[in-house]
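Undergrad: I have a structure I would like to understand better, so I am pasting it below and will then ask my questions one at a time.
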Amino acid sequence: MLKYIGKRLLMLIPVLLGVTVIVFTLMYITPGDPVDALLGDAATVEAREMLREQLGLNGGYFERLFRYIGNLLHGDMGISYATKQPVFTRLLETFPNTFKLALLGVTFSVVFGLIVGTISAVKQYSIFDYVFTFICMIGNAMSSFWLGLLLLLTFCLKLKWFPASGFSSPRHWVLPAFTVGFHSAANIARMTRSSMLEVIRADYITTARAKGQKELAIVIRHALKNALIPVVTTIGMQFGALIGGSVLVESIFVVPGVGKMMVDSIKSRDYPVVQGGVLAIAFFFCIVNLIVDVLYAYIDPRIKAQYKSGGRQQ
Amino acid sequence: MTQNNAAASAPVQETYKKRGQGKEIWRRFRRSKSAMLGLFILLTLIFMAVFAGVLTPYDPTEPDVPIRLMKPFVDSAHILGTDELGRDIFTRLCFGARISLAVGLIAVSISLIGGITLGSLAGYYGGTLDNVIMRFIDILMAIPSILLNISIVAAMGQGLQNVMIAIGISSMPGYCRIMRASILSLKDQEFIEASRAAGASDFHIIVHHIIPNCLAPLIVQATLRVGGSILACASLSFIGVGIVPPTPEWGAMLSTGRDFLRDAPHLTTIPGITIMLAVLCMNFIGDGLRDALDPKLKN
Amino acid sequence: MMSEDKLLEIKDLTVEYRTVDGVVHAVTDLNISIGKGQTLGLVGETGAGKTTTVKSIMRILPDPPAKIVSGEILFEGEDLLKKPESHMREIRGEKISMIFQDPMTSLNPTIPVLDQISEAIVLHNKITKQEAEQRAGDMLELVGIRRERGSDYPHQFSGGMKQRVVIAMALACNPQLLIADEPTTALDVTIQAQVLELMKEIIRTRDTSVIMITHDLGIVAEICDYVAIMYAGEVVEYGTLRQVFENPKHPYTVGLFGCIPDLYAEDDALIPIKGLMPDPVNLPEGCRFHPRCNQVCEKCSRERPHMVEIEPGHFVNCHLMVPETEQGGEQDV
């Protein structure tokens, strides 16, 4: 198992390198010269050249790419045009907030999704099933930014149950976490429901019933683990959407996270920050996918056996 | 059945069979109430988009400040009210439908063409090519799609065309994977072998034998992605990197409405509901199609 | 049918599946019984209602769509259909247990086999987990699997081994009635023989009553005391092994025997029964077998036949068994 994790960590390197190249290239071809934007037209040629050197903007594409990757290995992601701070420092400030938001969101969506999906499947065609299937349909189609605004309007401005800004107490996190997780919660619930419906018709569930096992124990002990196998993949994929969604949600609830920082930076054409933000989130996402894969093996003994016998066959 | 008795050649029989299949799919599709509701909403949106200039006398971008922030359902002249510059919201919704439907359609076409091409090449030729393509797809998938969209739009500049391309590229991996998996499972089947033995070219085999056989999952994925693309476009406009005002794009409308959240919530609610309905209808149609195309999958 | 020492008696059981395509008449007015220590073979084609019958004994039919419409299932004199679910749970796995058809799907892929065997033991006995695991290990050895393999998962076993695990699971609480639903059908022929040997061993050494579902008359001949032949949801012939095998009366039973190759017969052509099982949604009027019967008469398509006891303990559900004079006064079972 450890060997497998090690192998997967090694496989991350080319992917992350690829992500870096793609993001770097996109930012490289972005029109507009940041030096012009920073110094204005009046600046002398020397001043321009100096700034160019200082920001690492001199040289050709490959020279700059290799320099960027080289610096990246030292934890140097360049300097923000706008604040002149190192991007890495800004990421250290903002990333914990995004991480917290994502973690809260994913916890909510997994808990909600699994419970609702399981009950809907076990009580198929009940009122509960219909109501939550409807809610999940809406949740799937609703944009997180509109949901965020609706919640903000209802609970912060009208009912005043939650504070509209600031992040000093846990209460501040409730609405953002809900908003970020709702879409995923709906998808996980849908997936859990259909997976569970399949599993509870399986023969081994009848076997368990024939042993005299209680329904609740059958669902928890026999069905859930099997139903989880496809759901875990969904959770992994949802996590990407969830982190992506945090970009929107952070700017609605003014969460000082990576997403808000990136959106602000795009408007001010502060590309090193955008680049650093995309990379940080992509790195994070890759690690999460790795964790999901390991979790997968933990749930399904058949996959674990494959790992033991030397790597996964594709 | 009555026609073409004399010329009952193979092609005629084929179209006849295809029509029968289409009819059967339509019959199954029609059984799903939600799919029919989705179709109805979609047709309404198409109607709004096509007749955007005829349905109301107003201009979608011309400000009319004296009547700004009119509440909905008060004045029959402005049934959904007016926005912060006094523009008729219903008019803007109709013109917005043009943009959203175009984005949905074109972004999905881009990703469909790109995904099918890459997936076919990877699955059919295998080896190094497969490896290179799939690693590229892995890299694309490692970046959450909205971030990829933001990066691409930032690189190429804002505007409708670039938004479509960005969304098209970022949703390519899904099709690519479906296509590759289908090809891998079809490649060695006998009818492909037979076709190859008969001297068919690779291109002919892919277009005439493989694509028709994995059409069902592709169609379903594409339908569902239309909704996703509409949502992605709205998201980009919402954070201000997508389609620029004053173009009446739903996400952009929602975004400008934020500043009037307390006093004129309809500025956000109306486009919000519209986006939701658009996505919902495509989801309904997609689910209905999935059940209609492959009854085995139905729960 | 004679009663006193009857362990299980099914009376007039009718089960339907209510689906969107119509009502499936899975089992209609079924009567069978089994005594203590006896083995009953339930024989019929796929779709004859055998599995539905035994699943209604356990009350593990999927509801919806299955619905037990009427009838009684008396187990030790008590009607199982009237019992609350909690009582039923105590009976399942302890007093009545079941071996399922397909060992590939009837074991939970995510739980080690020993835990799956000890589950029933823990449920029905007040013992510690260790003791239960000890006993589960004993059961594994009984069916010929090394105790140490208990911590393995189902995918690490072959089909025959899995079926052994399923058998161990069913026997874990020493049930009074064991239902075996085609325990060998899903296995390879060589493995079938081994599993069958194991079943015979179990039947011989324990005084468990067994209902053996099969469509293989050879298996019936080897291990059963009584035979019930089912067709389209009805028992068409019932009796001791000897009665049914040596003196088959119902045209369907006769037909079934005609389908078995006889090594010693001079004419080696098989005589298949013509036609197919009727669609259980649209069963034929009158006798359900009449469209395929080679001795059909005009009455068969009109009137449903009744069970007739043609010799003590041998029942046949056919108009041919009723002499013309006795019409209208057939015996009910």
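The values are calculated or read from the model by the stated rules, or taken from the named source; none is laboratory data. Note that the structure is predicted; figures quoted are calculated from it, not measured. When we count neighbours, we look across all protein chains shown, and the Cβ atoms used for this are built from the backbone with ideal geometry, even at glycine.
Undergrad: Being surrounded by fewer than 23 Cβ atoms within 10 Å (Cβ to Cβ) and either in contact with a Gly (Cβ under 6 Å, 6 or more places away or on another chain) or facing another protein chain (nearest Cβ under 9 Å) (or both) is the filter here; which residues of segment A:218-227 pass it?
TA: Across segment A:218-227, the qualifying residues are A:Arg221, A:Lys225, A:Asn226.
Undergrad: Identify the residue in segment A:196-211 that is surrounded by 19 or more Cβ atoms within 10 Å (Cβ to Cβ) and within 14 Å of chain B (Cβ to nearest Cβ) and, among all such residues, is nearest to C:Arg92 (Cα to Cα).
TA: Applying the filter and picking the extreme gives A:Ile200.
Undergrad: Which residue out of C:Thr205, C:Thr214 is within 20 Å of C:Ile145 (Cα to Cα) and β-branched (Val, Ile, Thr)?
TA: Just a single option satisfies the conditions, and that option is C:Thr205.
Undergrad: Now, a different point. Restricting to segment A:250-292, name every residue that is under 12 Å from the mean Cα position of the chain (by Cα) and either facing chain B (nearest Cβ under 8 Å) or farther than 22 Å from A:Arg64 by Cα (or both).
TA: Hits for segment A:250-292 are A:Val258, A:Gly259, A:Val278, A:Ile281, A:Ala282, A:Phe284, A:Phe285, A:Cys286, A:Ile287, A:Val288, A:Asn289.
Undergrad: Residue by residue through segment B:154-204, note down the ones that are over 21 Å from B:Gly104 (Cβ atoms), without any contact (Cβ under 8 Å) to a residue 24 or more places away in the chain and not small (Gly, Ala, Ser).
TA: B:Asp188, B:Gln189, B:Glu190, B:Phe191, B:Ile192, B:Glu193, B:Arg196, B:Phe203, B:His204
To keep it simple, each residue is scored yes or no on (1) in contact with a Ser or Thr (Cβ under 8 Å, 6 or more places away or on another chain); (2) more than 9 Å from chain B (Cβ to nearest Cβ); (3) in a helix (DSSP H, G or I); (4) surrounded by fewer than 19 Cβ atoms within 10 Å (Cβ to Cβ).
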site: A:Gln213; (1), (2), (3), (4): no, yes, no, no
site: A:Leu216; (1), (2), (3), (4): no, yes, yes, yes
site: A:Pro230; (1), (2), (3), (4): yes, yes, yes, yes
site: A:Leu242; (1), (2), (3), (4): yes, no, yes, no
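Undergrad: Which members of segment B:250-299 meet the condition of being basic (Lys, Arg) and at the interface with chain A (Cβ under 9 Å from one of its Cβ atoms)?
TA: B:Arg258, B:Arg262
Undergrad: Take the residues of segment A:74-114 that are surrounded by fewer than 21 Cβ atoms within 10 Å (Cβ to Cβ) and of a type in the set (D, E, K, R): which is farthest from A:Ser169 (Cα to Cα)?
TA: Applying the filter and picking the extreme gives A:Asp76.
Undergrad: What number of residues in segment C:204-222 are assigned to a helix (DSSP H, G or I), within 23 Å of C:Lys6 (Cβ to Cβ) and within 15 Å of the chain's Cα centre (by Cα)?
TA: 1
Undergrad: Follow-up. Of all residues in segment C:167-198, which are assigned to a helix (DSSP H, G or I), in contact with a helix residue (DSSP H, G or I) (Cβ under 9 Å, 6 or more places away or on another chain) and not polar (S, T, N, Q)?
TA: Across segment C:167-198, the qualifying residues are C:Ile167, C:Ala168, C:Met169, C:Ala170, C:Leu171, C:Ile191, C:Val195, C:Leu196, C:Leu198.
Undergrad: Considering only residues of segment B:117-148 that are more than 9 Å from chain A (Cβ to nearest Cβ) and buried (at least 22 other Cβ atoms within 10 Å of the Cβ), which is farthest from B:Arg180 (Cα to Cα)?
TA: This residue is B:Leu118.
Undergrad: Let me ask something else. Got a number for residues in segment A:1-25 being facing chain B (nearest Cβ under 9 Å) and either more than 30 Å from A:Asp293 (Cα to Cα) or of a type in the set (Ser, Thr, Tyr) (or both)?
TA: Matching residues across segment A:1-25 total 1.
Undergrad: Quick check on segment C:35-47. Is at least one of its residues exposed (fewer than 14 other Cβ atoms within 10 Å of the Cβ) and either touching a strand residue (DSSP E or B) at 6+ places or on another chain (Cβ under 8 Å) or within 28 Å of C:Gly255 (Cβ to Cβ) (or both)?
TA: Yes, segment C:35-47 has at least one match.
Undergrad: Taking C:Gly93 and the conditions (1) in contact (Cβ under 8 Å) with a residue 40 or more places away in the chain; (2) more than 7 Å from chain A (Cβ to nearest Cβ); (3) within 22 Å of C:Val54 (Cα to Cα); (4) in contact with a Gly (Cβ under 9 Å, 6 or more places away or on another chain), which numbered condition does it fall short on, given that it satisfies the others?
TA: If we test C:Gly93 against (1) in contact (Cβ under 8 Å) with a residue 40 or more places away in the chain; (2) more than 7 Å from chain A (Cβ to nearest Cβ); (3) within 22 Å of C:Val54 (Cα to Cα); (4) in contact with a Gly (Cβ under 9 Å, 6 or more places away or on another chain), just (2) comes out false.
Undergrad: Residues being over 18 Å from B:Ser170 (Cα atoms) and either in contact with a His (Cβ under 7 Å, 6 or more places away or on another chain) or not small (Gly, Ala, Ser) (or both): count how many of those fall in segment A:264-288.
TA: Qualifying residue count for the region: 11.
Undergrad: Just for segment A:28-64: of the residues that are at positive phi and modelled with pLDDT under 75, which one is surrounded by the most Cβ atoms within 10 Å (Cβ to Cβ)?
TA: Among those that are at positive phi and modelled with pLDDT under 75, it is A:Gly56.
Undergrad: Can you tell me which residue among C:Ala193, C:Ala186, C:Ala136 is closer than 21 Å to C:Arg92 by Cβ and not charged (D, E, K, R)?
TA: C:Ala136
Undergrad: Please indicate, with yes or no, whether at least one residue in segment B:180-189 is at pLDDT below 90, within 22 Å of the chain's Cα centre (by Cα) and not in a helix (DSSP H, G or I).
TA: no
Undergrad: In segment B:69-169, which helices (runs of 4 or more DSSP H) lie fully inside it and hold 1 or more residues that are in contact with a Ser or Thr (Cβ under 6 Å, 6 or more places away or on another chain)?
TA: B:89-125, B:145-156
Undergrad: Looking at segment A:1-18 only, could you name the residues that are in contact with a helix residue (DSSP H, G or I) (Cβ under 7 Å, 6 or more places away or on another chain) and farther than 30 Å from A:Ile299 by Cα?
TA: Within segment A:1-18, just A:Gly18 meets the criteria.
Undergrad: For C:Leu42, state whether it is more than 30 Å from A:Lys304 (Cβ to Cβ) and more than 12 Å from every other protein chain (Cβ to nearest Cβ).
TA: Yes: the conditions hold for C:Leu42.
Undergrad: Using the structure shown, decide if A:Val255 is outside any helix (DSSP H, G or I) and at pLDDT 85 or above.
TA: Against the criterion (outside any helix (DSSP H, G or I) and at pLDDT 85 or above), A:Val255 qualifies.
Undergrad: Determine if segment C:138-160 includes at least one residue that is at pLDDT below 90, outside any helix (DSSP H, G or I), at the interface with chain A (Cβ under 7 Å from one of its Cβ atoms) and touching a Phe, Trp or Tyr at 6+ places or on another chain (Cβ under 9 Å).
TA: No, every residue in segment C:138-160 fails to be at pLDDT below 90, outside any helix (DSSP H, G or I), at the interface with chain A (Cβ under 7 Å from one of its Cβ atoms) and touching a Phe, Trp or Tyr at 6+ places or on another chain (Cβ under 9 Å).
Undergrad: Is there a residue being touching a Leu at 6+ places or on another chain (Cβ under 7 Å), farther than 30 Å from A:Val19 by Cα and touching a residue at least 12 places away in the same chain (Cβ under 8 Å) anywhere in segment A:88-105?
TA: Checked segment A:88-105: no residue is touching a Leu at 6+ places or on another chain (Cβ under 7 Å), farther than 30 Å from A:Val19 by Cα and touching a residue at least 12 places away in the same chain (Cβ under 8 Å).
Undergrad: Further question on the same structure: Restricting the search to segment C:19-52, which residues are closer than 12 Å to C:Tyr231 by Cα and assigned to a helix (DSSP H, G or I)?
TA: C:Lys50
Undergrad: Any chance you could count how many residues in segment A:131-183 are of a type in the set (Gly, Ala, Ser) and away from chain B (no Cβ under 14 Å)?
TA: Looking only at that region, the number is 5.
Undergrad: Given the residues A:Val35, A:Val21, which is the only one that is of a type in the set (A, V, I, L, M, F, W, C) and in contact with a Leu (Cβ under 6 Å, 6 or more places away or on another chain)?
TA: So the residue among A:Val35, A:Val21 that is of a type in the set (A, V, I, L, M, F, W, C) and in contact with a Leu (Cβ under 6 Å, 6 or more places away or on another chain) is A:Val35.
Undergrad: Given (1) more than 10 Å from chain A (Cβ to nearest Cβ); (2) under 19 Å from the mean Cα position of the chain (by Cα); (3) of a type in the set (A, V, I, L, M), where does C:Ile60 come up short, assuming only one miss?
TA: Condition (1) is where C:Ile60 drops out.
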